[in-house]
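Just below is one structure, and these are the notes that go with it.
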Amino acid sequence: MPAPDGAPRLLILGGTGEARVLAAALAGSGIDIVTSLAGRTRNAPPPPGRLRVGGFGGAAGLADYLVAEHIDLVVDATHPFAAEISDNAAAACATTETARLVLARPAWTRAPGDIWIEADNVAEAAALLPRHGRRAFLSTGRRGLEAFAALDGMWFLVRLVDPPATPLPLPDCHVVAARGPFAVADEGRLLDEHRIDVLVCKASGGDATAAKLAAARERGLPVIMIRRPPAPSGRVVPCVDLALAAIRAMLDGPAAGTETRAP
């Protein structure tokens, strides 16, 4: 169906904090905003604008959606480790000749005192883990926890956004359900309370979960850091402000917050 009043139509692939901030910044701009969420996180705060939940059926399904919904621009604001949807978005936009912008938050950088051991994936992180501690804080999300299941003599603190619907595949663990942002003091208390001696996390970047790194640094704890997958190809911006400027230029309209002319 055509966008209301001929307004340009923007699809935000997201679920990240940046995606919600971007949708909020574009509210009232005259752009018809649709945010797509995978639906894995329960009770996620809804972004402004229209919402779509669930997968597209791969690159071909996304391409069909772009055509059917007359999408003018796709903004890939997915999690840095959501490589599959980013690849699908690149392929679908290429097939349909739809403009695409990637909003990718910068990765974390080492600070003085950090003890980082880098791994290419979750399996490599699990293989490295027993050399660096026995009480591990796993801040890697629900997917991939099976890689740690066979490690002997380990205890795990697992933090998830939602309580797990089924038991985790870890023989000796404690689950904390919480949503960021987190404060350094609170992260420090969590590490101390559970006598954590090693942290495992993904190099997600952003401010919402960076406090755990500062807390680990203060305690001299090693951090097994899982590297990001390769960045998506195409035009990439590191923050919402630059995304807004890029969207304005790509849609050939004024800045968000003012009346927008249809391209």
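The values are calculated or read from the model by the stated rules, or taken from the named source; none is laboratory data. Fair warning: this is a prediction, and the values are worked out from it, not measured in the lab. Note: ideal-geometry Cβ built from the backbone for every residue, glycine included; neighbour counts use all protein chains shown. For the accessible areas, the whole protein counts, side chains as well, though only heavy atoms, and no ligand, DNA or RNA atoms are used. Shrake-Rupley method; radii C 1.70, N 1.55, O 1.52, S 1.80 Å.
Of note:
- Counting only alpha carbon atoms, the long axis of helix 58-68 and the longest principal axis of the chain meet at about 30°.
- Whole-number accessible area per residue in Å² for segment 54-192, which is evaluated in the context of all protein chains at 1.4 Å: 48 Å²
- Where only DSSP H runs of four or more residues are counted, the chain gives -8500 deg cm²/dmol as its mean residue ellipticity at 222 nm, each run worth -39500 (n - 2.57).
- The chain: relative contact order as a whole-number percent, Cα under 8 Å and 6+ apart: 24 percent
- Put Lys202, Lys212 in order of accessible area, highest first, and with a 1.4 Å probe you get Lys202, Lys212.
- Neighbourhood charge, 12 Å Cβ-Cβ cut-off, centred on Met225 and excluding it, Lys, Arg +1 and Asp, Glu -1: +1
- Under 5 Å from the amide H of Val175 lie the amide H atoms of Val158, each residue being 5 or more positions distant or on a separate chain, with H modelled from the backbone and absent for Pro and chain starts.
- The H on the amide N of Val75, modeled in the peptide plane, is under 5 Å from the matching H of Leu11, Ile12, Leu13, Leu101, each at least 5 residues off or on a different chain.
- In segment 15-86, the trypsin sites (Lys or Arg not before Pro) that fall in loop regions by DSSP, at most 16 other Cβ within 10 Å: Arg40, Arg42
- Folded to 0 to 90 degrees: helix 83-96 orientation relative to the chain principal axis, Cα: 20 degrees
- Surface composition of the chain: carbon plus sulfur atoms contribute 54% of the solvent-accessible area (1.4 Å probe, protein chains only, all chains present).
- Sequence-distant residues sharing a close amide H with Ile115 (under 5 Å, placed H): Val223
- Coarse-grained scattering of the chain at q = 0.07, 0.12 Å⁻¹, given as base-10 log I(q)/I(0) from a Debye sum over alpha-carbon atoms: -0.28, -0.77
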